[in-house]
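Have a look at the structure below before the remarks.
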Amino acid sequence: MGAQIALSLALGGCQVILWARRATSLDAARGRIQDALDFLVAQDLVDAKNCEGITARVRLQANLLRAVADADFLIEAVAEDLAVKRELLARAQALAPAHAIVSSTTSALSASALASDLAAPERFCIAHYAQPAHLVALVEVVPGRETTPATTQAVTALLTRTGKSPVLCPDIPGFLWARIQHVVLRELVALVEAGLVTPQDCDTILKKGYASRLPAMGAFEHADLAGLDLITSEGAKAVWEDLSNARDPAQTLLGRMVEKGHTGMNAGQGFYDWRARDANAFKAARDAEIVRRAKIDAGAKTTFTDPPPDKT
């Protein structure tokens, strides 16, 4: 995520310093950035003549003080571990200029909890990018209990300026995006566990059915279109009553799969057998589909131009 976010900011014209503890991590990040940029060029989302300028806007640094000494905006993308994030955020803010905004791309950890060790928690605000960060437009903006409106506005402005679609979210477990994902997954896992459907059928329903109209119509727009009288009818009541209300994922089919070591793609087995299915091909197809949608939204024009860089 760090490399993807760095590229996203560079595509938006920002001067970026990418920090990591180890030089080998930085080398790998530079390779990921170049691969992602090559993909964008191949997909006609970036003009090849702009690549040199984009990559020049990302500098690598293994020294944290040098990385943040002149920064206006800092964002961490380390492991989803509250203690690790809090320690790094506090250290980075202490080394950064007094005006710098500090952020995190966590998908679920509380903004208030992350800011609890900061000397200036009012200058902290979550900016949750979704993978792949350089392709997905939406970013969740989550202020903490002590975050000032000025900080939230500055983060929102930066994201907008770099081509993102920021959405203000409450500091609740999962914010908005992850909550939606968990709601959907909880229900589908319950149906698979009951032997009523297969994972393949569920994914087909989502990709070929439900998702096909989401770019044009959200849940509340659909409710208004269908009619709230229909959404509150006896038929709808029967559906709501039958929905899963499981409160602990470890007590469902998911937990039993984890106990078997079937933890997903990295383990080679999850709901799908990734030993027989090409994980890299899957991710490439995912990115290509996201790009296809980006092209539609952009009117089939090159999405990323080469704006004048700023000092952010």
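Quick note: the coordinates plus some simple rules give every number you see, no bench work behind them. Keep in mind the model is a prediction, meaning the values are calculated, not measured. Reconstructed Cβ throughout: ideal geometry from the backbone, glycine too, with neighbour counts over all protein chains shown.
A few points about this structure:
- Available extension along the chain between Thr24 and Arg59 is 11.1 nm, counting 0.36 nm per residue and deducting the alpha carbon span.
- Near the amide H of Ile101, within less than 5 Å, lie the amide hydrogens of Phe73, Leu74, all on another chain or at least 5 residues away, with H placed in the peptide plane.
- Shape annotation for region 70-110: C-alpha extents along the principal axes are 27, 16, 15 Å, from largest to smallest.
- One chain, two ends: Cys51 and Val167. Fully extended at 0.36 nm per residue, the span grows by 38.9 nm beyond their Cα-Cα distance.
- With the convex hull drawn over the C-alpha atoms of region 174-214, the volume per residue is 58 Å³.
- Region 176-312, Cα convex hull volume normalised per residue, Å³: 200 Å³
- Computed Kirkwood radius, in angstrom, where 1/r is averaged over Cα pairs of region 1-84: 13.5 Å
- A simple packing score, the average count of other Cβ atoms within 10 Å per residue, orders the peptides 2-15, 218-231, 31-44 as 2-15, 31-44, 218-231, with the highest score first.
- Taking every alpha-carbon pair in region 32-124 and binning the separations at 5 Å intervals from zero gives 2, 13, 20, 17, 14, 13, 11, 8, 2 percent.
- The 3J(HN,Hα) values that the Karplus relation (6.51, -1.76, 1.60; θ = phi - 60°) gives for region 65-76 are, in residue order, 4, 5, 5, 10, 4, 10, 7, 9, 9, 10, 9, 9 Hz. Gly and Pro appear as x.
- The ratio of the alpha-carbon radius of gyration of region 54-205 to the globular-protein estimate 2.2 N^0.38 Å is 1.20.
- Cα pair distances of the chain binned at 20 Å [whole percent]: 27, 57, 16, 0
- Helical mean residue ellipticity (222 nm; -39500 (n - 2.57) per DSSP H run of 4+; nearest 500) of the chain: -13500 deg cm²/dmol
- Across all directions, the shadow cast by the convex hull of region 88-136 built on its C-alpha atoms averages 3.8 square nanometres.
- Per-residue extension of 0.36 nm, minus the Cα-Cα distance of Asn266 and Gln34, leaves a gain of 81.2 nm for this segment.
- Helices of the chain meeting both criteria, an alpha-carbon length of 15 angstrom or more along the long axis and an average Kyte-Doolittle score not below -0.5, with helices taken as full DSSP H segments, are 23-42, 82-95, 149-161, 177-193, 279-297.
- Asp278 paired with Ala108, simple spin-label distance in nm, labels 7 Å along Cα-to-beta-carbon: 3.2 nm
- In this structure, the residue pairs whose Cα-Cα separation is over 24 Å, taken from Lys49/Lys207; Lys85/Lys283; Lys208/Lys295; Lys207/Lys260, are Lys49/Lys207; Lys85/Lys283; Lys207/Lys260.
- Pairs of alpha carbons in region 244-299 whose separation is greater than 13 Å (percent): 68 percent
- By DSSP, the beta bridges lying fully in the chain are antiparallel in about 30 percent of cases.
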